[in-house]
1. Please state which one of V323, V266, V312 is over 23 Å from the mean Cα position of the chain (by Cα) and closer than 22 Å to G185 by Cβ.
2. Output the number of the condition that Y197 fails; it satisfies all remaining conditions of (1) of a type in the set (S, T, Y); (2) under 23 Å from K318 (Cα atoms); (3) under 18 Å from the mean Cα position of the chain (by Cα).
3. Hey, does the range 193-215 have a residue that's in contact (Cβ under 8 Å) with a residue 60 or more places away in the chain, of a type in the set (A, V, I, L, M, F, W, C) and farther than 30 Å from R61 by Cβ?
4. Just one of the numbered conditions (1) loosely packed, with under 15 Cβ neighbours inside 10 Å; (2) in contact with a His (Cβ under 9 Å, 6 or more places away or on another chain) is not true of K307; which one?
5. Of the residues that sit in the range 20-74 and are closer than 25 Å to E97 by Cα and of a type in the set (D, E, K, R), which one is modelled with the lowest pLDDT?
6. Pairs needed: first member in the range 250-262, more than 17 Å from L172 (Cβ to Cβ); second member anywhere, surrounded by 17 or more Cβ atoms within 10 Å (Cβ to Cβ) and polar (S, T, N, Q); C-beta distance under 9 Å; at least 6 residues apart or different chains.
7. Looking at the range 277-287, can you tell me whether even one residue there is basic (K, R) and over 23 Å from G196 (Cβ atoms)?
Amino acid sequence: MERVTIYQVAEAAGVSVATVSRALNGGPVAPETRERVLAAVRRLGYRPDRLAQGLATGKSRTVGVVIPDATGPLYGRMQRGLADALAAAGFGYIATESRRDPGREEALLDEMLSRKVEALVLVGSGLAPEALKARFGRLPPVVLIEREGGEAGVPTFQIDNEGAAYRATRHLVEAGHRRIAHIRGLRRAGREREAGYRRALAEAGLAPGPVVDGDFTEAGGYRATRALLATGGFTAVFVANDRMALGVYRAAFERGLRIPGDLSVVGFDDLAFAAYLTPPLTTLKQPAHRLGFLAGEAVLALLGGRKPTGRVLPCGLKVRASVKHVEGGAV
């Protein structure tokens, strides 16, 4: 199959070759012109030759990405979004895993520098602000996703953890639940989700708890649920992520409890399996692909000399069958 050329893209979009180049490389182009060029790229299936571009410009056409956990399904969706944003502009990416180890993350940044990446996307970075700022002088443009705290002047994209958890807990309150337990998570996301849970209960004039710690894993959710059930006194549980909700289902099954007949459950993330549990899990849908796509757009804007700003994205509540409307009672 004959390769589509940049000249064909220019002709299809009704612009010059130079304009196509600027549009794909984040240069100064009117928004409507950029969209016309990108539409032509998609329609024709144009793929820039990154190797040739790199040889001609001395640039790698590559973005470095550091994620906390390569096994996390949300990070895969983020990477897909990032790739979708970068592909039309002829950029690829290299992904590495920090394993939530600040020392390893620092080493990975040095490795990225040695690979001549043109920009960095750091997901859930655990580096102290001082450690990150100390490197800014020699780092290429940086975009942050779900950073533990922000950095002034650095585009940061996050989800509204607190607002989403508030919405989940309100859903349980509106279903008639008055004793709502919480299995909380770790780090900033866990703290913000717990804050939303507590705000919803305070607004409804309800006492929180019981609240137990989880670790965002299936085993952590299982252990936390066993601890909750040993105490009892609740009809519903808001779980800080879907993986821990799997542990809730397992522990409830072992105790002979029916979901939602005996215990209502709401999770967070809307991972692929959530819709296939028995019963399907009510949960909050993280816009992971959108986070990655916006980060990719921000990278291209930075490389084009523009100054993008970050965003906080809402999460939608996916109502399924794991919540029962109740009149009272407790497990």
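The values are calculated or read from the model by the stated rules, or taken from the named source; none is laboratory data. The structure displayed is predicted, hence computed values, not measured ones. Here Cβ is always computed from backbone atoms with ideal geometry, including for glycine, and neighbour counts include all displayed protein chains.
1. V323
2. (3)
3. The answer is no; no qualifying residue exists.
4. Every listed condition holds for K307 apart from (2).
5. R50
6. R250/T225; A251/T225; R255/T225
7. no
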